[in-house]
1. What's the center-to-center distance, using Cα atoms, between the range 109-141 and the range 69-86 in Å?
2. Got a sec? Charge dipole of the range 17-143, +1 on Cβ for Lys and Arg, -1 for Asp and Glu; which of Asn40, Pro90, Val53 is way out at the positive end?
3. Between Ser38 and Arg96, what length in nm is gained on full extension when 0.36 nm per residue of separation is reduced by their alpha carbon distance?
4. Run lengths n ≥ 4 of DSSP H only: what is the helix-derived mean residue ellipticity at 222 nm for the chain, with -39500 (n - 2.57) per run over all residues, to the nearest 500?
5. Could you estimate the translational diffusion coefficient of the chain from the Stokes-Einstein equation, with Rh from the Kirkwood formula over C-alpha pairs, at 4 °C and 1.567 mPa s, in whole µm²/s?
6. Express in nm, to one decimal, how much length is gained between Leu12 and Tyr117 on full extension, taking 0.36 nm for each residue of separation and deducting their alpha carbon distance.
7. Would you mind ranking Ile124, Ile30, Ile42, Ile24 so that the residue whose beta carbon has the fewest other beta carbons within 10 Å leads the list?
8. Enumerate lysine pairs in the chain that are 8 or more residues apart or on different chains, then count those whose Cα atoms are under 22 Å apart.
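Where a number appears in this text, it was derived from the coordinates with a stated rule and is not lab data. Keep in mind the model is a prediction, meaning the values are calculated, not measured. Positions of Cβ are backbone-derived with ideal geometry, glycine not excepted, and every protein chain shown enters the neighbour counts.
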Amino acid sequence: MANIKELLVSTLYANFDDHPWAEINKGQEIKVVQLRPSENLIVLQLRAQPFVVGGLHKHVGFTFGFTTKGAWSHNPKEFPYLPNSFVCEPIDEFHRYCNGPGITETYFINIGEQLYYDDEGREIIRRSTAQSLHDKYMAKCEELGLPRPNVMN
Ligand SMILES: [Fe+2]
């Protein structure tokens, strides 16, 4: 994991309104404002459609979430993560993103890879990194005819 000194930057200002939404998984759109592959730093906003359930995964490093709209959790039956709340997701522990009945918006800051597993948690089927997210986000923006914002900061 990155030393905190490596994450320090001179001022970076980014307005989420200047970055397009791109659907990266069915029912899950993201706006990315900062990616730094050398430290695996990811800063994004996630918007999820009602009752979307994400893939089973583990985090290698910290994941902090700030919810501004809707309701979600790691449990498909209860959604206690509400607007104006903060969540620190577990490191090296299986969980899934489970959206509630409305549209949810959450800002996430991740440091480190996300490892996606098969439904039984036996095998890694995908690694999500700052670089792979960059490639996916840019490809989606291009596909949608949207501008490709500079996010490598
Ligand atoms: Fe997670």
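1. Their Cα centres are 22 Å away from one another.
2. The one lying farthest along the dipole's positive direction is Val53.
3. 18.3 nm
4. It lands at -3500 deg cm²/dmol.
5. The estimated diffusion coefficient comes to 82 µm²/s.
6. Stretched out fully, the Leu12 to Tyr117 stretch lengthens by 34.4 nm.
7. Ile124, Ile24, Ile30, Ile42
8. 12
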